[in-house]
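Asks: Sharing a structure, written as C-alpha cells. Questions coming.
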Amino acid sequence: MSTLVYLEHAGGEIDEPSLQALTLARAVAGGNMVAAVVACNSLLQAPSDALAGHGVSVVHVAEGETFESYAPRAVAEAIVELARRVGATAVVGPGTERGNEVFAHVAALLDLPFAANCVTAATSEDGADVTRVRWGGSLLEVARVHAPTTLLTVQPHAVAIETTADAAPEVEAFAPQLSDAARALRVVDRVGASTGGISLADAKVVVSGGRGAGSADGFGMIEELAALLGAAVGCSRAVTMAGWRPHTDQVGQTGTKIAPDLYIACGISGATQHLAGCKGAKRILAINTDPEAPILASADYAVIGDMHEIVPALTAAIRAAKSA
Amino acid sequence: MKVLACVKRVPMTGGRIVLTDDAQAIETRHLGFTISPHEECGVEEAIRLVEANGGESVVLTLGSAEAEEQLRDAMALGVDRAIHLVTDGEEWDPQATAAAIVDAVRTDEAESGPFDVVFFGNESADSGNYQIGIRVAHALGRPVATGLKGVAVEGSTVRCEQEVAGGRELYELPLPAVVTVKEGLNFPRFPSVPGRLRAQRKPLASSAPARPSSRLEKLRLVVPEGEGKQAEVLGHGTDAAPRVVEVLQQIGVV
C-alpha cells in the first residue's frame, strides 16, 4: 500500500493547497509517510527542504524540457508512470484548477474514477470513502470510489495543514516517457493582465454591488467607497447578466473567488452562487433593505436599509474620520 | 465547420439549498432550471463560430426527459439541432457520462463528419467533477485545453486562452479539438420570440443509453452546517454610518 501526492510548486515553493493535499493524503495512508511527485525542467528547482515536516519520504522529480511551461498531459503521464512503479493505491493532489485538470488526465489515461475537491477521505474495501464539495462548497457529497487506485484532489483551504517531525525528503529524479500528445499540449505563450488597479482575487478589501444597485450608474457610489478604502470593486452574477459590470468583476462560483479581510456586500441577497465566491472573506458587512436576506446568515455585520442612502453616508463618514 | 456544445440541466438554487427526504438530490419542486453557466458560454461560442465560418452547430445533453427544455433553449439562441441522451433522472457518474457522450459523438460523426470543436463547461455547476471534457478528448484521441476565457479558430488550429494569476496563458491546439470553457468567455445572447418558435421545429435526436454502475458512487448529499453566524445589525439607514466607521476602525480598515 502506498500513497503518492502530486505537488504544485513555483521554483521550489510549495503552495498551501498542495500542503493541504499532503495532510489529507497522510490520513488516507493511515498516518504513514507518503511519496511525492513534482514536475520541473531542472532539478535545481525541485523542492525538498520545503517538504520537511510534511511526512514525505521521497520526492520524485519528473524532469524534462516539456515541463519548462505548464503541460497538463505530460504531468499526468509522469504521475501515471510513477504510480505504476511505486504501486500506488492512492494518488492525491491539490484541488486547484490545474490540479483537477492534471488528475482528469490521469483518470482518463488509467480509466479510473476520480473524486475532485474532497474534504475527507479514508480507504475502504475496494477504494475509498470520500466527502467532496458540490456547488462550489454550498453542498457536500458523501461518495464511494470503487477502484484499485484511488484518485482524488483536495478542496483548497478546507483541510488544516498538520506538520510532523520528519526531516526533508530524499530527492529522486526521473525522466518520464512522454507521448507526442503530451509533449504537444503545453502553454506556448503568456500575456499579462490588461486591467489595471487592484485585483479582486488579492484585494484586502472588496466592495461589491448586487441587483440592489439598480443600474450601472448605481456603481458610482460603490466605486467611490472602494477608492476611499483602497478596495477592489466586485459584483454579483445578476449584475453581470444585466450588463452593468464586466464579468471580471464578478464574485461567485463561476466568477472570482475572493479572500479579503473585509467584504462589503451592498444590495446583494446572498445566493449560493455568490456565497461560494466570498466565503473566504474574513469579515462580511452586508448592506441590505431585507433583514431576512440570506447574506445576513453569512455576514458578521449588517446595516439594514437602502444602499443608495447608506453607501454615500458611509463614504462621507469615513472621509470625515480620515481627515479628523 | 461543425461544432458541438455539451450542456447540463441544473437547478437555479437561489439562496438556500434544501434536499429531498432521501438526501439523494436537491428539492427542486419550487425551482427553475437552466444550462450550467460555463456551458451557456460554450453554446454562445459554438453559435458564433458557425455564424463566422458557416457550417452546423449541435447541442448535446445527457439528462432526464425534462432536459429537452435546455436543448430547446440552446436551439432558440441559434444552435441548429440537438442530441438528447435520455436518462431516468438518476445521476450518472463522470466515467459513464463521458462514455455515453463519446458513443453519441462517434455515431454522429459516422453520419455527418467530424466535429471541428467540441465545447464543454470547465465544470458543471452542480456536481463539479472537472473531468468530462478531458475524458471525452482522450477517448476521441483529440487535444484538450481547459478553463478557457478565449477561443479563436485560426485556420486549422484553435488558439486557447486560460486565465491564470496575473494574466493569461495560451495554447494552440490542432483541430479537431475539445475545449472546456468558463463563464466570462463571452456574453451569451438572449433568445428572441421567433427564435423560440423556430427551436420547437428544429431536429432533436433522442436515445436512451443504459446506465452502467457508478465507480464514483454518490451515497448521499449533505447541506454543510453554516458557521452559525448571524450578522450583528449595526443600525438602520444612514444613522448607522458612525457605528460602521467605528467598526471599520476597530478592524483596521480605516
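FYI, it's all coordinate maths here, none of it is from the lab. From a predicted model like this one, the values you see are computed outputs, not experimental measurements. When we count neighbours, we look across all protein chains shown, and the Cβ atoms used for this are built from the backbone with ideal geometry, even at glycine.
Asks: Give me the one-decimal nm value for the distance between modelled label points at A:ALA242 and B:GLU51, 7 Å along each residue's Cα-to-Cβ direction.
Replies: 2.5 nm
Asks: Please state the relative contact order of the range B:101-180 as a whole percent: Cα pairs under 8 Å, 6+ residues apart?
Replies: Rounded, it is 33 percent for the range B:101-180.
Asks: Further, regarding this structure: Per residue, how much space in cubic angstrom lies within the convex hull of the C-alpha atoms of chain A?
Replies: Spread over its residues, the Cα hull of chain A gives 158 Å³ apiece.
Asks: Which FRET efficiency value, to the nearest 0.05, do you get for A:GLU125 and B:SER64 by plugging their Cβ-Cβ distance into 1/(1 + (r/R0)^6) with R0 = 30 Å?
Replies: Using R0 = 30 Å, I get an efficiency of 0.40.
Asks: While we're here: If all Cα-Cα distances of the range B:181-238 are sorted into 10 Å bins from 0 onward, what percent lands in each bin, rounded to whole numbers?
Replies: Histogram of Cα-Cα distances, whole percents per bin: 12, 14, 21, 30, 16, 8, 0.
Asks: Taking only the alpha carbons of the range B:135-254, what extent do you get along each of the three principal axes, in Å, biggest first?
Replies: 61, 42, 39
Asks: Spin-label point model (7 Å from Cα, Cβ direction): what's the A:VAL191 to B:THR28 distance in nm?
Replies: Inter-label distance under the simple model: 3.8 nm.
Asks: For the range B:182-195, what does the Karplus curve 6.51 cos²θ - 1.76 cosθ + 1.60, with θ = phi - 60°, yield as ³J(HN,Hα) per residue in whole Hz, taken in order and with x for Gly and Pro?
Replies: After applying 6.51 cos²θ - 1.76 cosθ + 1.60, I find 10, 4, x, 4, 7, 10, x, 6, 9, x, 9, 5, x, x Hz.
Asks: With θ set to phi - 60°, apply the Karplus curve 6.51 cos²θ - 1.76 cosθ + 1.60 along the range B:240-246 and write out the HN-Hα couplings as whole Hz, x wherever there is a Gly or Pro.
Replies: Rounded to whole hertz, the list is 6, 3, x, 5, 5, 4, 4.
Asks: Which cross-chain or sequence-distant (5 or more) residues have an amide H under 5 Å from the amide H of A:ARG134, H modelled 1.01 Å from N in plane?
Replies: For A:ARG134, the qualifying residues are A:LEU139, A:LEU140, A:GLU141.
Asks: Give me A:LYS322, B:LYS202 ranked fewest to most by other Cβ atoms within 10 Å of their Cβ, as a rough exposure proxy.
Replies: A:LYS322, B:LYS202
Asks: Using amide H atoms built in the peptide plane, which far-off residues or other-chain residues are under 5 Å from A:ASN117 H to H?
Replies: For A:ASN117, the qualifying residues are A:THR153, A:VAL154, A:GLN155.
Asks: Tell me, in nm to one decimal, what length is gained between A:ALA227 and A:ASN32 on full extension, where the rule is 0.36 nm per residue of separation less the Cα-Cα distance?
Replies: Stretched out fully, the A:ALA227 to A:ASN32 stretch lengthens by 65.1 nm.
Asks: Once you average over the residues of B:159-167, how many Cβ atoms of partner chains fall within 10 Å of each Cβ?
Replies: Partner Cβ neighbours, averaged per residue: 4.
Asks: Can you list residues from other chains, or at least 5 along the same chain, whose modelled amide H is less than 5 Å from the amide H of B:THR146?
Replies: Hits under the 5 Å cutoff: B:THR180.
Asks: Return one quarter of the surface area of the convex hull spanned by the alpha-carbon atoms of chain B, equal to its mean projected area, in nm².
Replies: Average projection, Cα convex hull of chain B: 18.5 nm².
Asks: Okay, moving on. Among B:GLU217, B:GLU161, which comes first, then next, by fewest other beta-carbon atoms within 10 Å?
Replies: Final ranking by Cβ density, sparse to dense: B:GLU217, B:GLU161.
Asks: So for chain A, averaging the separation of alpha carbon pairs under 8 Å that are six or more residues apart and normalising by length, what relative contact order in percent results?
Replies: 15 percent
Asks: Starting from the Cα gyration tensor of the range B:43-95, take the square roots of the eigenvalues, sort them a ≥ b ≥ c, and report rounded, prolate or oblate (rounded when a/c is under 1.5, otherwise prolate if a/b is larger than b/c, else oblate).
Replies: prolate
Asks: Tell me the relative contact order for the range A:50-187 as a rounded percent, counting alpha carbon contacts under 8 Å between residues six or more apart.
Replies: For the range A:50-187, the relative contact order is 41 percent.
Asks: Could you compute how fast the range A:160-281 diffuses translationally, taking Rh as the Kirkwood radius over C-alpha pairs and applying Stokes-Einstein at 20 °C with viscosity 1.002 mPa s? Give it in µm² per second.
Replies: For these conditions, the coefficient is 125 µm²/s.
Asks: Could you let me know the centre-to-centre spacing of the range A:248-309 and the range B:201-232, using Cα atoms, in angstrom?
Replies: Value for the Cα centre distance between the two parts: 26 Å.
Asks: Let me ask something else. Quick check: Cα centre of the range B:77-98 to Cα centre of the range A:34-94, how many Å?
Replies: 36 Å
Asks: While we're looking at this one, here's another question. Per-residue HN-Hα couplings for the range A:225-239, Karplus 6.51 cos²θ - 1.76 cosθ + 1.60 at θ = phi - 60°, whole Hz, x for Gly and Pro?
Replies: Listing the rounded values in order: 4, 4, 4, 5, 8, x, 9, 8, 9, x, 7, 8, 5, 4, 5 Hz.
Asks: Please find the FRET efficiency linking B:GLN249 to A:ASP290, where r is the Cβ-Cβ separation and R0 is fixed at 25 Å, and quote it to the nearest 0.05.
Replies: 0.35
Asks: Between B:ALA110 and A:ARG183, how high is the FRET efficiency from 1/(1 + (r/R0)^6) when r is the Cβ-Cβ distance and R₀ = 30 Å? Nearest 0.05.
Replies: After rounding to 0.05, the efficiency reads 0.50.
Asks: Using a cut-off of 9 Å between beta-carbons, work out the net charge of the residues near B:SER36 (Lys and Arg +1, Asp and Glu -1, B:SER36 not included).
Replies: Spelling it out: positives minus negatives among the neighbours equals -2.
Asks: Further, regarding this structure: Kirkwood hydrodynamic radius, the protein assembly as shown, all distinct C-alpha pairs: what's the number in Å?
Replies: Every distinct Cα pair counted, the radius reaches 24.8 Å.
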